[in-house]
Each structure stands twice: as structure tokens, then as C-alpha cells.
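Down below is the structure, laid out as C-alpha cells.
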Amino acid sequence: RATTGTDTEREHQHLRYNPLRDTWVLVSAHRMKRPWSGQVEKEEEDQVPQHDPNNPLCPGNTRANGEVNPDYNNTFVFENDFPALQPNAPDPGYNQHPLFQSKAARGVCKVMCFHPWSDVTLPLMTLPDIIKVIDKWAELMVDLGSTYPWVQIFENKGAMMGCSNPHPHCQVWASNFLPNEATLSDRCQREYLKTHGEPLLLQYAKMEAERRERVVVQNADWLAVVPYWATWPFQTLLLPRRHVQRLTNLTAQEREGLASIMKRLLTKYDNLFQISFPYSMGWHGAPTGPYLKEDQFHWQLHAHYYPPLLRSAGVRKFMVGYEMLAQEQRDLTPEQVIHLGNSITATYAIYKHRSPYV
């Protein structure tokens, strides 16, 4: 039976524990009653041309480094022209004072275009095209993960999330170190398995499927929920039902199911405020490189979606002040989010009419 939490959780502030980060989030649902007189964002323009001769991500166009893109017809991957990580960075040395430590940071940064057209996003793509994206993700994980301990696949969608190019794309950064979030998640999942005898997110997915309080969409192989400990207003967590440690371990059926669940989830996002919904998302799975030879049973593959919008297409949640100096805080409960989204269809993107796929 679907519920929206206890009366206390609906009406009064309380703390919720995030077992993936060993942190707490302050939930203050009553704050949604306050009038909004803060910043209102300008809605992004929907009229993106299918092909822009000046867009460096489009097929056949020239990028900043002078290279010309091929006339690709599905996915296209290239080395980032302005990488944050490079494979041959010098070693800064290790014999330093404990208050002024540094160490080598090496890696590669790639850009991956999802589709040759600039006017489509993942929820507007066909299922076969989304499967090609997933297959390419897995291929990059195999390639880069054979050497690097961490391969971070992430997508920043929309100018609100810092994306400067509307063409559908993501980034893939591989590093010779485990980033902070990966290190923290690794520790928390490892400790949970040791204490409870079952992978944290595998048990969590089972319990959310049984309770049905925070489930957004689901199918035979996947579950998308607003996590109990969510920080961002419409944050979701995408989980496989089977114990899967990395994208590369997904079966063909699970990849098809993933394409379907992604399309449904992202369509719900778009339909919520009738816009192309902005977010930052990324995949977390067991470390790679030298960790491929180690036991990583505690890990469960998952994807995070962090959308900033709070009340409407023009009102966003700012992580400032208290969030920066004290701890994370949100203005409505995850159960209220589910209640708001129950009337939103996941069949097609209502707000779009220009795409031939709709």
C-alpha cells in the first residue's frame, strides 16, 4: 500500500540517515508553505535546431582543437578538448608536511555524444538508440577500467546544471585514484555488508519494492526510487533488482530494461514542469583497474539523478548557507515528491511536439 509517511514526517522537521555517505539530511517539509520571493530562473529555450553548423558536437563540424567530427549516426566519443585530467601529469612528490599534502592525479577525459541530432534528449530517443548509449557506456568501462581504478560516467543536462551545449552528450572521466564520493561509498557499503550480511543497495531495493512508498517507475529488472535520504527535491536512485557490481555485468535483457526505465523516468521529469528537466546524473559501480582482481561483493551498481528544480520550472533549490556550513537540508519529504508525481504520465513527453519520436 502506497503511503506518504507519518504525520510527523509530513509536518515536522526531522533527520534522515544516508547510509551510502554516512551523513544525515535535515528534512523540513513545512518550509514549502512559505511564499517564494527569491530568484526565479529563466526557462530554457526549446527551439534547438536539429543541426547547428556552429555547434562543435554536431556531425561534420570542427571542434576547438581543429579536429573535424565524423558524420556519425548514433554515438560518438572523442577526447575532451579541455580535459581536467591528463595521462602524463608530473608527480608533485610525497615528502611534504601533513598540512600541505599533494599527490599525482592522472587520467583521461572523454566526451560522448548520444545522438547526431541536437534537438533530442534521452527521453525523446528511441529505445534502440538508448541501448546504443548503454552499450557504449559499458564499452568505455571495459576500455578505461582495464587500467584506471575509477571511471566516472556523468551527464550534466541543462544550463542550470552548468551544461554549455544543448547537444545530447555526457562525459567520461577515468582517474588513477578513487574520488572522494567513491571512497566514501566504498567504505559504507563494505561496512554494511560486514554488519548485515547483504549488500546495502541490494537489500534497500528489495525493501523499497515491498513498501512502494517512494517508487517512481519499475520493471522486471530495474527500480527507480526517490531515496529515503534524498537531498535534492526530485532526486532519484536507479537500481538493478539483481546483484550487479558494474555496468559491464549487465545482460542484454537488463540493458533493454535499463533503456526502458531511463526513458520512462526522464519522461516523468520532463512532464513534471513541462520543460526539458535539468539534472546532473552519474553511475557508481565497483572500482576497476587493480580492483578487478579484488573481492567487490559489497558493491551494487546504481545511478544518481540530482535535479535542482524545487517548486516550478523557475524555482530551484540552492545548496548554500546551512548546506555548505552545517549539513544537507531539503524542503519537502521524498514521500511528498512521489505524491506530486503520481499524476504525471511516463508514456511520452507532453511538453514536446517537435520531435519525430513523440
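The values are calculated or read from the model by the stated rules, or taken from the named source; none is laboratory data. Not measured: the values here are computed from a predicted model. We place every Cβ from the backbone using ideal geometry, glycine too, and count neighbours over all the protein chains shown. For the accessible areas, the whole protein counts, side chains as well, though only heavy atoms, and no ligand, DNA or RNA atoms are used. Shrake-Rupley method; radii C 1.70, N 1.55, O 1.52, S 1.80 Å.
Where the accessible area of the chain is counted over protein heavy atoms with a 1.4 Å probe, how much of it, in %, is carbon and sulfur? Mind dumping the intermediate values first?
Details: 9030 of 17070 Å².
C and S fraction of accessible area: 53 percent.
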Just the accessible area per residue of the chain, please: how many Å² with a 1.4 Å probe?
48
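For Tyr306, Tyr94, give me the order by solvent-accessible area with a 1.4 Å probe, most accessible first, ignoring ligands, DNA and RNA. Intermediate values should be presented prior to the final figure.
Numbers: Tyr306 75, Tyr94 140 Å².
Ranking Tyr306, Tyr94 by accessible area, largest first, yields Tyr94, Tyr306.
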Charge dipole (the chain, unit charges on Cβ, about Cα centre) - positive-most of Pro278, Leu239, Pro227:
Pro227
Between Ser28 and Ala209, with labels modelled 7 Å along Cα→Cβ, what's the label distance in nm to one decimal, could you check?
3.7
As a test, work out the antiparallel percent of DSSP beta bridges whose residues both lie in the chain, rounded to the nearest 5.
95
Phi-based couplings in Hz for segment 77-87 (Karplus 6.51, -1.76, 1.60; Gly and Pro marked x)
10, 8, 5, 4, 5, 9, x, 7, 10, 10, x
How high is the FRET efficiency from Lys293 to Ala84, r the C-beta distance, R0 30 Å, rounded to 0.05?
0.60
Scattering curve values for the chain, log₁₀ I(q)/I(0), Debye with Cα scatterers, q = 0.08, 0.11, 0.14 Å⁻¹:
-0.41, -0.81, -1.33
When only the heavy atoms of the protein chains count and the probe is 1.4 Å, how do Met160, Met262, Met207 rank by accessible area, highest first?
Met207, Met160, Met262
Once fully extended, how much extra length lies between Arg242 and Thr147, figured as 0.36 nm per residue of separation less the alpha-carbon to alpha-carbon distance?
31.5 nm
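Evaluate E = 1/(1 + (r/R0)^6) for Lys194 and Val315, where r is the Cβ-Cβ distance and R0 equals 30 Å; express this FRET efficiency to the nearest 0.05. It would help to have the intermediate numbers written out before the result.
Details: r = 43 Å, r/R0 = 1.42.
Efficiency, rounded to the nearest 0.05: 0.10.
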What FRET efficiency would be calculated for the residue pair Ala252, Asn65, taking the C-beta separation as r and a Förster radius of 45 Å, to the nearest 0.05?
0.80
Label points 7 Å out from Cα along the Cβ direction at His339 and His97: separation in nm?
5.5
